[in-house]
1. Quick one: putting +1 on the C-beta of Lys and Arg, -1 on the C-beta of Asp and Glu, what dipole do you get for the range A:181-238 around its Cα centre, in Debye to the nearest 20?
2. Under 16 Å between alpha carbons, and skipping anything fewer than 8 positions from B:LYS202 in its own chain: which lysines qualify?
3. Under the rule of at least 5 residues apart or a separate chain, name every residue whose amide H is placed under 5 Å from the amide H of B:HIS331.
4. Which lysines have a Cα lying under 24 Å from the Cα of B:LYS279, excluding residues fewer than 8 positions away in the same chain?
5. Which order do the peptides A:212-223, B:203-214, B:96-107 come out in when sorted by mean C-beta neighbours inside 10 angstrom, highest first?
6. Given the DSSP H assignment, sum -39500 (n - 2.57) over each helix run of at least 4 residues in chain B and divide by its residue total; what's the result at 222 nm in deg cm²/dmol, nearest 500?
7. Any idea which of A:PRO172, A:ILE102, A:SER125 is furthest toward the positive side of the dipole for the range A:31-258, if Lys and Arg beta-carbons carry +1 and Asp and Glu beta-carbons -1?
8. Once you've got the GNM for chain B with C-alpha springs shorter than 10 Å, pick whichever of B:GLU267, B:GLU221, B:GLU325 has the biggest mean-square fluctuation.
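Please treat every number below as a calculation from the coordinates, not as lab data. What you are looking at is a predicted structure, and each value in this text was computed from that prediction instead of being measured. Every residue, glycine as well, gets a Cβ built from its backbone with ideal geometry; the counts of neighbours run over all protein chains shown.
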Amino acid sequence: MSEEAREMVKERVSGRPEIFVREWFADYLWDLFCPGCQTPVVARMIAEALEELGIGDEAIMVGCVGCSGILIGGFDLDRVSPAHGRGPDVATAIKRIYPDNIVFTVQGDGDCIAIGASSFIGALSRSEKITIIMVNNTNFGTTGGQLGPTTIVGQVTTTSPQGRNPGEEGYPVHTAEMAATFKGVAYSARGALLTPADYRRTKGYIKTAFQRQLDNVGTGFVEVITACPTNWHLTPVQSLAWIRDNVIPEFPLGEFRNVTYID
Amino acid sequence: MAERILTEGNEAVGWGAITAGCQCFFGYPITPQNEIIEFLSREMPKRGGIFLQSQCETATINMLFGAAAAGVRAMTSTSSPGWGLMQEGMSNLAAARLPCVVVLVQRVGPGVQRLTHSQQDYNSATRGGGGGGYRTIVLAPATVQETHDLMQLAFYLADKYRNPVVVLSDGLMGHVVEPLELKTVEFGPLPEKDWAVADRGKHEDGKHRAIGASYNPLKGESFVSYLVDMRETYQEIEASEVRYEEYRTEDAALVLVAYGYCARVAEEAVDMARAEGLKAGLLRPITLWPFPNQAIRDKAAKGCRFLVVEDSMGQMVDDVKIAVEGKAEVHLVDATFRHLASEDGMIMPAKVLEEIRRLL
């Protein structure tokens, strides 16, 4: 990336909420994420949501392992990096110790619903008053683009070279819809980041999920579909078109559960 | 005068934790440690503490990670198969230098096997059973009272060194019923946990805290400096925290080495041998890591021979061999000496005595 382009990105990132991005993170953004990756966009969205709710730097963040795990370094919050998939367990303990704090996890789809499925379901089943944000890029990004629990049928990955075949690999997991079936879940939604309107809507989902935690209603879950141009072997612009044509038809956007009390 | 009650080893774990001011307990049912989680499910909420039953031991150990990161005294307990599931978490706790206590009530292994006692997790407890190479302090009680007291020591040492501490019990130690004096053991002052995640992220220096299971280049650490720091902590523990007890060793020609329930058995065997004029004694490690190498080495230098009594196929015996540096004979009474060739069997004093007679 040219110096000029670096300065441009840094400038954009720097017009940020105070808690995002820390100085060094802005400097290294292009070393940490691939061009066209939308994971840092999720970070900014979370930071804006926290600021707009007036809970600025008071929240406690729990990270993950994978591309979304890189995000944790960008937040100027108290934060804990757990083992792969175990964010909801770690967040459970912290929330029970500090019940008045906003505690949230940011996890990839592999972290959340492959290796961490039991932790995720455990937290939902106990109605933990935490917020779980899952970044769904339909593959294991950091390790080089392997088949993930959310890989689309027919999608080529490094471990499904012929494309995901339901006969062998089953079907993509619909995490937001599944979370909505838990009585202890106050909020479950899925958003994307194809347009500025998507950005605003998805940020709204995250704010609502945080609000349900503030109101002590139940677990909040938001799935965000993001582009992974490097592992999809597409340009950033092609990636957005691929999300529109292939991912969103599989994973419809919207709210699947939204309650203000659980009887 | 502290209250005296009659109770079993597992409940003594709970009493010890409460006396130590443990604020958080996470558990999952597994025999033979169920009395611990049942006891604490009753007692923790009464005292404003947190009790939480998790969905599996993998979750438990990671909840412990969260609680320790929040800077409170927290613990879990489990038995051997659950201990296996916790190893990744143990490695992370050690790597993140998070103080916490894990009680391991050993049962018969390897694999699922049966639900009774054994001493087959010595290696995984003392060597760091998870990935990467780390150490945990391991305390081995031999009575109900000692279980209670070592629980308090465990929390103190965990906080002092910012390291996980394992209390290594077993199905027998967990269920033996003895008198227990509910006394508070006093230790020295401890440093503030200003490294921990705080309520609403508020810290005196205005800076936020980051906790993770790796070195942190932002704090000026390199991978090697991180390893060196860790080694220095371990060396300090080895220099300062070795604990053991000796019994009739002054003139002993054969020193038995045993921990936990086998130490009780060995002690009785020593008395039986002494009654026959055989010069046997007992060295009982209380800390399994750090191991009392020097005490054993000194005895080897004086010409003592050693008989290890442990209810496994031989694990601690390796540490005794390391300690004697080839300068003394090391013999072993192992799980094959059980009086019944079943999971219910145990090593009886009479069997140990036979071996003492053979060697002296």
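1. With only Lys, Arg, Asp and Glu charged at Cβ, the dipole is about 140 debye.
2. A:LYS95, B:LYS193
3. For B:HIS331, whose amide H was placed from the backbone, the distant partners under 5 Å are B:PHE306, B:LEU307, B:VAL308.
4. Counting by Cα, and skipping residues close in sequence, B:LYS279 has these lysines nearby: B:LYS299, B:LYS302, B:LYS321, B:LYS327, B:LYS351.
5. For the peptides A:212-223, B:203-214, B:96-107, the packing ranking is B:96-107, A:212-223, B:203-214.
6. Value at 222 nm, helices only: -12000 deg cm²/dmol.
7. Value: A:SER125.
8. Per the Cα network of chain B with a 10 Å cutoff, B:GLU221 tops the list.
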